[in-house]
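This report refers to the structure that appears directly beneath it.
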Amino acid sequence: MTIASSTQQICFLVLSAGIVIGSLGVVLLENIVYSAFLLGGVFMAVAGLYLLLNASFVAAAQVLVYVGAVNVLILFAIMLVNKKEDLKPIKGLQLRRLLSGGVCAGLLALLIRVDITTTWKLPGPQAIGEQATERIGEHLFTDYLLPFELASVLLLMAMIGAIVLARRDILTNDIGTGESVKPGLIEKANTPLLIDKSSP
Amino acid sequence: MPQMGALIFATQAMAAPEELLNIALNAGAIAPEGAVLLAMLGTLIVDLAGEKAAAKWSPPICYAGLGTALALLAMQWNGPIESSFLGSFLADNLAIAFRAVVALSTLLSLLISWRYAEQSGSPIGEYASILLAATLGAMLLCGATDLVSVFVSLETLSVASYLLAGYMKRDARSSEAALKYLLVGSAAAAVFLYGASLLYGISGTTNLQIIGVALLTSPTPIAALALVFILATVAFKIAAVPFHQWTPDVYEGSPTPVVAFLSVGSKAAGFALAVRLLVGCFSAFDNQWKLLFTVLAVLSMSLGNVVALAQTSMKRMLAYSSIGQAGFVMIGLVCGTEDGFAAMVLYMAAYLFMNLGAFACIILFSIRTGSDRISDYAGLYQKDPLITLGLSLCLLSLGGIPPMLGFFGKIYLFFAGWADQQYLLVIVGLVTSVISIYYYISVIKMMVVKEPQEASEVVKAYPSIQWKTIGLPPLRVALITCVLATAIGGVLSNPLFQWANTAVAGTPLLQEAIALKGTGALG
């Protein structure tokens, strides 16, 4: 084993351990701010894995998009909504946790089994390093042209939708009749069939 | 086919740039989507001039865009089948048929939307443009032949649907519907990505055709895992039981015209995706996915129709009935014969008219009275004969009573299923059809049979009927078109049968599946 390959091995192990422990922390910690910061750490570690695979452009994009944009946005959202609220305790929480843990463990066992029994095509294609950016650009403008262009429509529509959801309503009158309107569904809320007699 | 060779070459190993420039993009195949996109941008631009201008100019722009799209689709019909965008998109007859169903469902939903949107005080220009974006995604999904295109168009459709579901943001029900749809939908998208990454790992490409070839020789466990993941996404999109939990809540909380689009347009795109992925890609696992789909179809038909019996809200009842209807359509997909596919296409087109007709009626009723409770329809016959007649015809057709359009669609599906020896599916279908007739007829009974003094309070205070207000004339046009198509379409259904058969005959993907099945049955 050469120094290069053993260094690579050590880096891989450290990054993978970071990803596993970090993701467990994201899911299990009670404080949501810790979860958000750990998520940022996990994203950074994934970027490190991309670097190990010699895909520097993807690693840079990962850091810019996921750490720089998505994670910061999550943190903003958490800090804007700092409302203390005591949630009602959920019945049978331990049992639910055990059940969902069992389902996840089963899924993990299934994935590991599939992973072991499959004969993967190893080694994979040769990494092309710095030329990758060029190659990605070529793909975006040839065989992935349609999804690339459609993504712009998707982003435009998402932006319009975000503005519509966030802005203050300006319409108070019906355009057709000029009457004042009450924003919301036209259908009134249905009263439940069985009205609870115990409540006053 | 030299082009196909070049294509495979281009997707597997990137050639020199000069060679790539010589490959034809064949971009004319997505001209109809171009028309929809232009209409979307047009509505955005007129919206800048204020709400009054948007209310005046958005409708004609949308009609022009969708009308052009439908005309362009008609021109592509039976045209030469060439892969476009280097294997990302294929405009075969099946794709054209489903894209036409999607575009027509958007056109009809827009016609019935305007009055509803104005009365609830929501901005119209943005509503139309988001709905058109959803249409664009759904239409591209119908013809996408590449995992990346499939995913991006699926997301365009889904994100637009979440936004539309939450469009009445001042109403807690609408926000709840949007949040539930977003969470469940994102989970489904994540599952699809997992399945797609496994498929890419098996084959090293994102092209569905090459993946299909690679799956013939791939090891079973991993391919089966990918199949399960992909199947879950498809079942989520067509709301098959047990992936249906989002449907009733989303349908009840979303604005009703949006529900009309979701129940037809989005579902049609889901079925097109099912054909592309399951029939086209997983032909090596035919027995497995057909078994799974049989289970899903039986569950959808029984649960959808039985739970619909207990509903008191019209929108919720139609939500459960749409789950049951999706189960009927799945019979055609499971058959995999020429008749099965044709019956699926035919039933989808019939379902478009009868379901949108029913939605036009209940929207008109809620615009006039502000209610969607079934018991509030009591005695409506005295006050509003048009809604009564239209809703009765559409519900009878959904139940499959002759001589409506729905009867011929359903009988063709059952015939195809019986011919392919899917006895379980056909018997469950017949029994649940009878159950569905019961709850459809009880609505009709509520409207027609009650004496004037037994009428509900809402109907007793019914406003005088007028059609002058802006937005009501288009609604009337849509209502009458759908009801006429449902009522007369059954008697004159021969062109529709021919159309559905041509759709199957002009699709190489389906022809291959049928030929494969034929040799399998002989050998």
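For the reader, a short list of remarks on this structure follows.
- Of residues in region B:81-134 being more than 11 Å from chain A (Cβ to nearest Cβ) and of a type in the set (Val, Ile, Thr), the one nearest to A:Asn173 (Cα to Cα): B:Ile112
- Residue count for region A:133-176 satisfying the condition of being assigned to a loop (DSSP other than H, G, I, E, B) and polar (S, T, N, Q): 2.
- Candidates B:Ala27, B:Ala31, B:Ala16 - the one that is more than 30 Å from B:Ile470 (Cβ to Cβ) and at pLDDT 90 or above: B:Ala31
- The helices (runs of 4 or more DSSP H) found entirely in region A:3-92 that carry 1 or more residues being loosely packed, with under 12 Cβ neighbours inside 10 Å are A:3-28, A:72-80.
- All conditions but one from (1) more than 14 Å from every other protein chain (Cβ to nearest Cβ); (2) surrounded by fewer than 20 Cβ atoms within 10 Å (Cβ to Cβ) apply to B:Gly50; the one that does not is (1).
- Residue within region B:231-248 that is over 30 Å from A:Lys188 (Cβ atoms), surrounded by fewer than 19 Cβ atoms within 10 Å (Cβ to Cβ) and not small (Gly, Ala, Ser) present: yes
- Qualifying residue in region B:234-250 (condition: farther than 17 Å from B:Leu273 by Cα, among the polar types (S, T, N, Q) and within 22 Å of the chain's Cα centre (by Cα)): yes
- Residues satisfying the stated conditions in region A:124-139, i.e. out of contact with any helix residue (DSSP H, G or I) (no Cβ under 6 Å at 6 or more places or on another chain) and within 13 Å of chain B (Cβ to nearest Cβ): A:Gly124, A:Pro125, A:Gln126, A:Ile128, A:Gln131, A:Glu134, A:Arg135, A:Ile136, A:Gly137, A:Glu138, A:His139
- Count of region B:470-510 residues which are over 23 Å from the mean Cα position of the chain (by Cα) and over 19 Å from B:Pro402 (Cα atoms): 4
- Residue tally, condition among the basic types (Lys, Arg) and under 30 Å from A:Ser56 (Cα atoms), over region A:127-181: 1
- Those helices (runs of 4 or more DSSP H) of region B:330-429 in which 3 or more residues are within 14 Å of chain A (Cβ to nearest Cβ) and over 21 Å from the mean Cα position of the chain (by Cα) occupy B:338-369.
- Test result for B:Ala455, within 25 Å of the chain's Cα centre (by Cα) and either modelled with pLDDT under 95 or of a type outside the set (S, T, N, Q) (or both): no
- Taken across region B:172-189, residues that are more than 19 Å from the chain's Cα centre (by Cα), closer than 14 Å to B:Val258 by Cβ, not polar (S, T, N, Q) and not in a helix (DSSP H, G or I) do not occur at all.
- When residues in region A:105-141 are screened for being of a type in the set (Ser, Thr, Tyr) and within 17 Å of B:Tyr194 (Cα to Cα), 1 of them pass.
- Test: residue in region A:121-136 that is under 30 Å from B:Leu225 (Cβ atoms), touching a Phe, Trp or Tyr at 6+ places or on another chain (Cβ under 8 Å) and without any contact (Cβ under 8 Å) to a residue 12 or more places away in the chain: no
- Any hit, region B:369-383, residues being of a type in the set (Gly, Ala, Ser) and touching a Pro at 6+ places or on another chain (Cβ under 9 Å): yes
- Where helices (runs of 4 or more DSSP H) fall entirely within region B:436-517, none has at least 3 residues that are among the small types (Gly, Ala, Ser) and within 14 Å of chain A (Cβ to nearest Cβ).
- Test: residue in region B:140-150 that is of a type in the set (Val, Ile, Thr) and within 8 Å of chain A (Cβ to nearest Cβ): yes
- Qualifying residue in region B:100-109 (condition: in contact with a Pro (Cβ under 9 Å, 6 or more places away or on another chain), assigned to a helix (DSSP H, G or I) and over 11 Å from B:Met139 (Cα atoms)): yes
- Single residue of region B:53-64 satisfying the filter (out of contact with any Gly (no Cβ under 7 Å at 6 or more places or on another chain) and within 14 Å of chain A (Cβ to nearest Cβ)) that is surrounded by the fewest Cβ atoms within 10 Å (Cβ to Cβ): B:Ala53
- The number of residues in region A:106-123 being in a loop (DSSP other than H, G, I, E, B) and facing chain B (nearest Cβ under 7 Å) comes to 2.
The values are calculated or read from the model by the stated rules, or taken from the named source; none is laboratory data. Bear in mind the structure is a predicted one, so any value in this text is a computation, not a measurement. Glycine gets a Cβ as well: all are built from the backbone with ideal geometry, and neighbour counts include every protein chain shown.
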